[in-house]
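Read the structure below first, then the notes.
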Amino acid sequence: ANLEVEIREREAVVTHNPLPTLPGDGVQLMQLFQNLVGNALKYCLHRAPRIEIGAEPLSGEWHVWVRDNGIGIPEGRRRDIFQMFHRLHEDEVPGAGVGLCVCKRIVERHGGLIWVESTLGEGSTFHFTLRGDVTGAPVKAIHPAAAEQVYPG
C-alpha cells in the first residue's frame with residue numbers, strides 16, 4: 001500500500017504466491033518488503049517493472065524472495081550493496097545507500113540471512129530466510145505490506 005502510487009505510475013506488475021504468516025516485528029518486516037520492492041521499482045529504468053514475491057519452506061525456516069527485471073548488479077559488487085552508504089549506480093538512480101543495509105539488519109534481527117543473485121541487464125533476486133513454523137501449519141496468504149506481529153518474540 002505504501003508504494004501503490006509509484007507502482008501505478010510505473011505501470012509495474014507485482015505478483016506473489018501464498019506467503020506465510022511469521023512471527024516478528026511487523027513494522028520491521030513491512031520496511032523490509034517496502035525497501036526491496038521500492039528498489040525493484042527504482043532500479044528498473046527502461047521498462048515497466050515486473051516484481052515477483054515468493055516463499056517456500058526450507059529446513060525449518062522460510063526462504064523468501066523478491067525478484068525483479070531491473071538493471072542487475074555486477075557479480076563482484078553483490079556483497080558490497082548490503083553495506084551502509086554503499087551505492088552502485090550513483091549517477092543513474094537517486095538514493096542514500098541505506099535501504100539494503102537496513103534490510104540486512106532486519107533479516108538478521110529475525111534470525112535469518114539475506115543474499116542476492118543477479119544478471120546484468122536482466123534483473124535481481126533478493127533472497128532471505130526467516131524463522132517460522134514450516135511443519136504442516138497452513139500457509140496464510142498475506143500482502144507483504146500488511147505483515148503483522150503474530151506473537152511477541
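The values are calculated or read from the model by the stated rules, or taken from the named source; none is laboratory data. The model shown is predicted, which means the values in this text are computed figures rather than measured ones. Cβ sites come from the backbone with ideal geometry, for glycine too, and all protein chains shown count toward neighbours.
Side notes on the structure shown:
- Test result for GLU122, over 13 Å from the mean Cα position of the chain (by Cα), at pLDDT 90 or above and loosely packed, with under 12 Cβ neighbours inside 10 Å: yes
- All positions within region 68-85 that are modelled with pLDDT under 60 and surrounded by fewer than 14 Cβ atoms within 10 Å (Cβ to Cβ): ARG77, MET84, PHE85
- So VAL116, is it in a strand (DSSP E or B), closer than 22 Å to GLY24 by Cβ and at pLDDT 95 or above: no
- Criterion (at pLDDT 85 or above, within 13 Å of VAL13 (Cα to Cα) and within 10 Å of the chain's Cα centre (by Cα)) met by exactly one of VAL64, VAL37: VAL37
- Every pair of residues 6+ apart whose Cβ atoms lie under 8 Å, when the first sits in region 103-114 and is free of Cβ contacts under 8 Å to residues at least 24 places away in the same chain while the second is part of a helix (DSSP H, G or I): LYS104/PHE82; LEU113/VAL107
Okay, residues lined up against (1) loosely packed, with under 14 Cβ neighbours inside 10 Å; (2) at pLDDT 50 or above; (3) outside any loop (DSSP other than H, G, I, E, B):
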position: ARG87; (1), (2), (3): no, yes, no
position: ASP91; (1), (2), (3): yes, yes, no
position: GLY97; (1), (2), (3): no, yes, no
position: GLU108; (1), (2), (3): yes, yes, yes
position: PHE126; (1), (2), (3): no, yes, yes
position: LYS140; (1), (2), (3): yes, no, no
